[in-house]
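A short write-up of the structure that comes next.
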Amino acid sequence: MERAGWSDAIGSDQAALLRRAYAPSVPDAPLEEVPRFIAPMLATGGLAPIGVAWAMEVKWDGIRAQLRYDAGGVCLRSRPGRNCTAEFPELAELHDTLAGRNVILDGELVSLSADGKPDFAALRSRLAGRSRRAHGSHAGQIALMAFDLLHLDGRAVRHLPYWRRRELLAELELDGPVCRAPRHFVGDGEALLTATAEQGLEGVVAKRLDAPYAEGRRNNSWVKQKHRRRERFAVTGWRERDGALPEFFLARRVGKELAPAGTASLGLDPERREQLLSGLAERELKPLRRRRGVHWALPEIEVLADVHGRPDDPVRDGVLRDIGLPGAAGSPPSSTVEGFAARAAKSAWWRRGGRRRAEGPVAIRIASRSTPRSVAGLRLARWIAPSPAGG
């Protein structure tokens, strides 16, 4: 039986020709032991191709993951191959669906909020271990969105074309709360692009119907297109990196205060990047305790960046577009900087003996040049330091 939407898009006769040309039966696929890990195929960025030779999938906002199921049970690995099975015990529920099978699934691990949309901030907290107690309540529903099948019952299927692998994946009937095989679309690319943008999803991935799975390689058979919006951020510091561009710490304006938002490094040309670094250096704070390569600064400089995700999501893969120096239109008012300082002083945290304790309120105004920068820098740096999951 042809998959709904696939043969309709290209015609049953053409579908039959493709089946005969590209798809050996699974029993003819090479025998292999269940691999411990398969280096994932990667997509290139760009405009997603649309046409009958391409399938279109939703791009889920989570982390790339590979799930192996065999006689030993479920094993989940991250994109680099790290075993993270213990961090997501709910995936053990797959035993009821896959009992007796040997499979390797490629997909995206997400945390679904109450409205059914991915919430990367919740997933990041889960990875950092901060929502372990909240599991099962407000921590979000963990689910693997499986979009490819790499091994099936002792047979390597990675050489098969994408459309055939998707047929085999559909036959596994993965439609439970912790693992799903979301639908792919052929011939409806424009509609999916519009729908994902309207619903605030990350984007789409276009995949050639006849493409085999290219292990550990990035090629043009998979093309990802992200929906981006432009947002203004205050820059609170930067991190030097050997052999790479500096990484800038960003914060969002929330009323008269600023809240940590993530980091970004790409986008600015060399001249604008040096302007930004020079401006930050003039406003650098001197914390009592230094982290190697990390510098904090008064949040008086703003940047425009293209980002994706929800308005309050952590910035990932942000692209810096422009900078605004103090005094320019749109630069942060002094009241915002002062409010940020007061918030930083009251919200500083530190770890002692494995327990998390809060400092008492300290009245400081880092917008004032008379404030000792070593004191202000200590409190500010502790408040806006990146979380463990954010690097």
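Structure above, values below:
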quantity	calculated
Any hit, the stretch 265-288, residues being modelled with pLDDT under 90, closer than 24 Å to Asp242 by Cβ and among the small types (Gly, Ala, Ser)	yes
Residue within the stretch 84-99 that is closer than 29 Å to Asn219 by Cα and surrounded by 22 or more Cβ atoms within 10 Å (Cβ to Cβ) present	no
Residue check, Pro270 buried (at least 17 other Cβ atoms within 10 Å of the Cβ) and assigned by TED's automatic domain parsing to the domain that holds Lys286	no
Hits in the stretch 194-253 (condition: at pLDDT 95 or above and in contact with a His (Cβ under 8 Å, 6 or more places away or on another chain))	Lys207, Pro212, Tyr213
Any chance Arg126 is modelled with pLDDT under 85, surrounded by 15 or more Cβ atoms within 10 Å (Cβ to Cβ) and closer than 28 Å to Thr196 by Cβ	yes
Qualifying positions in the stretch 78-96 - under 27 Å from Gly46 (Cα atoms) and assigned to a strand (DSSP E or B)	Ser78
Residues within the stretch 169-184 that are under 23 Å from Leu42 (Cβ atoms) and either surrounded by 20 or more Cβ atoms within 10 Å (Cβ to Cβ) or β-branched (Val, Ile, Thr) (or both), tallied	5
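For (1) free of Cβ contacts under 8 Å to residues at least 40 places away in the same chain; (2) assigned to a helix (DSSP H, G or I), each residue gets a yes or a no:
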{"position": "Arg165", "(1), (2)": "no, yes"}
{"position": "Leu169", "(1), (2)": "no, yes"}
{"position": "Pro177", "(1), (2)": "no, no"}
{"position": "Glu190", "(1), (2)": "no, yes"}
{"position": "Thr194", "(1), (2)": "yes, yes"}
{"position": "Ala211", "(1), (2)": "no, no"}
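The values are calculated or read from the model by the stated rules, or taken from the named source; none is laboratory data. As the structure is a computational prediction, the values presented were derived from the model and not from experiment. For neighbour counting, all protein chains shown are included, and Cβ atoms are generated from backbone atoms with ideal geometry for every residue, glycine included.
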